[in-house]
Amino acid sequence: MEKLIYALWRGPGESPDAYAQRLRTDLAEALRAAGARALRVNVADGAVEPAAGLRQTHTRPPPDAFVNVWVDSANNALRKPLDEAVAAYSLRHAAYLVSESQPLRNRRPQRAGERTEGFAQIALLQRPQRLSYEEWLGIWHDLHTPVAIETQSNFEYIQNQVIRRLTPGAPAWDAIVEECFPAGAMNDPYVFFDAPGDEARFQRNLQRMMESVHRFIDMDRLDVVPTSQYLVF
C-alpha cells in the first residue's frame, strides 16, 4: 500500500463550499472507481474561515484542497486513472508520493463521510539549504515531534515525508504535515497552545514551539493552510 497526496487548486467562480462538496462526492466516487483503497479530503471551506489568521502563504496561489489517497501501487501506469480523475476536478493539481508517520493518532471519533471535529492545519515544508537532508529529518522527527505534541492542543499529528514529486512543476515541498486542533484553536492562541486561561503556560509553550520550528524551518518559505478534514472512505 502506498500513499499519495494531491494538492488541488479550484477554478474561478466556484465557491469554497461548493468545491468541497464536489470533492467529497463526485471526485470521491471517481477515485474509488479508479482504484483508491481509502480517501481523506482536506479542503479550505467556509467552516474554517475563523482560522484565516493562521494562514501563511509562500506558494502563490496557495492550494485550496489536499486529497489523501491510499493505493496498491503508485506506479505511473497504475496511477494514471487517479491523476485523470483529480485533473477533472481541479484547475491545477500537484501529486506527491509520501511516507506517512503518525506520531499522534486521531484521539477523536471519526466516521466515514463526516467532517472531523475542529479543523486540520496543513503545513507545507521545504528543507532549509543550511541543513543536510539527514540533519533536517533528524531535527524534525527526533527533536521537534515531542515539542509539537506537548506544546499544542493537537489531537492528531501526521508527518508525510515526500518521497518524490509526481507531476511536472509541482511545488518543491519536502514534507506535508497534517495536524487536527479543536475548533477554539482557530482564533484563540491560548487554546491553540493548550493553555486556556494560563498566561505562564501559554508563554512557555509558545516560546518552546517557536524555538523548535526555527531549527528546521525557514518561516518565510512556509505554507500553512487551515482546512476541514473529511474521512470519506
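Within the set 161, 152, the sole residue that is of a type outside the set (Ser, Thr, Tyr), in contact with a His (Cβ under 9 Å, 6 or more places away or on another chain) and open to solvent by less than 50 Å² (accessible area, probe 1.4 Å) turns out to be 161.
Results for (1) surrounded by fewer than 20 Cβ atoms within 10 Å (Cβ to Cβ); (2) assigned to a helix (DSSP H, G or I); (3) not small (Gly, Ala, Ser), shown as yes or no for each residue.
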{"residue": "8", "(1), (2), (3)": "no, no, yes"}
{"residue": "12", "(1), (2), (3)": "yes, no, yes"}
{"residue": "20", "(1), (2), (3)": "no, yes, no"}
{"residue": "25", "(1), (2), (3)": "yes, yes, yes"}
{"residue": "29", "(1), (2), (3)": "yes, yes, yes"}
{"residue": "32", "(1), (2), (3)": "yes, yes, yes"}
{"residue": "36", "(1), (2), (3)": "no, no, no"}
{"residue": "51", "(1), (2), (3)": "no, yes, no"}
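Pairs are defined by a Cβ separation below 7 Å, a sequence spacing of at least 6 or placement on different chains, a first member in segment 204-233 that is closer than 17 Å to residue 51 by Cβ, and a second member that is open to solvent by 60 Å² or more (accessible area, probe 1.4 Å) and assigned to a loop (DSSP other than H, G, I, E, B); the pairs so defined are 222/58; 223/58; 224/55; 225/55; 226/55.
Within segment 58-82, residues that are in a helix (DSSP H, G or I) have Cβ atoms under 9 Å from residues that are among the hydroxyl-bearing types (Ser, Thr, Tyr) in these pairs: 79/73; 82/6, counting only partners at least 6 apart in sequence or on another chain. Every residue in segment 152-172 that is touching a Ser or Thr at 6+ places or on another chain (Cβ under 8 Å) and not in a strand (DSSP E or B), please. Passing the criteria: only 171.
Among the residues that make up segment 122-132, is at least one of them within 16 Å of the chain's Cα centre (by Cα) and open to solvent by 20 Å² or more (accessible area, probe 1.4 Å)? Yes, some residue in segment 122-132 is within 16 Å of the chain's Cα centre (by Cα) and open to solvent by 20 Å² or more (accessible area, probe 1.4 Å). Which one of 197, 184, 169 is open to solvent by less than 50 Å² (accessible area, probe 1.4 Å) and of a type in the set (Gly, Ala, Ser)? Selected residue: 184, the only one of 197, 184, 169 that is open to solvent by less than 50 Å² (accessible area, probe 1.4 Å) and of a type in the set (Gly, Ala, Ser).
The values are calculated or read from the model by the stated rules, or taken from the named source; none is laboratory data. Given the structure is predicted, the values throughout are model-derived calculations rather than measurements. Every residue, glycine as well, gets a Cβ built from its backbone with ideal geometry; the counts of neighbours run over all protein chains shown. Ligands, DNA and RNA are stripped out before the accessible areas are found, and what is left, the full protein with its side chains, is counted by its heavy atoms. Shrake-Rupley method; radii C 1.70, N 1.55, O 1.52, S 1.80 Å.
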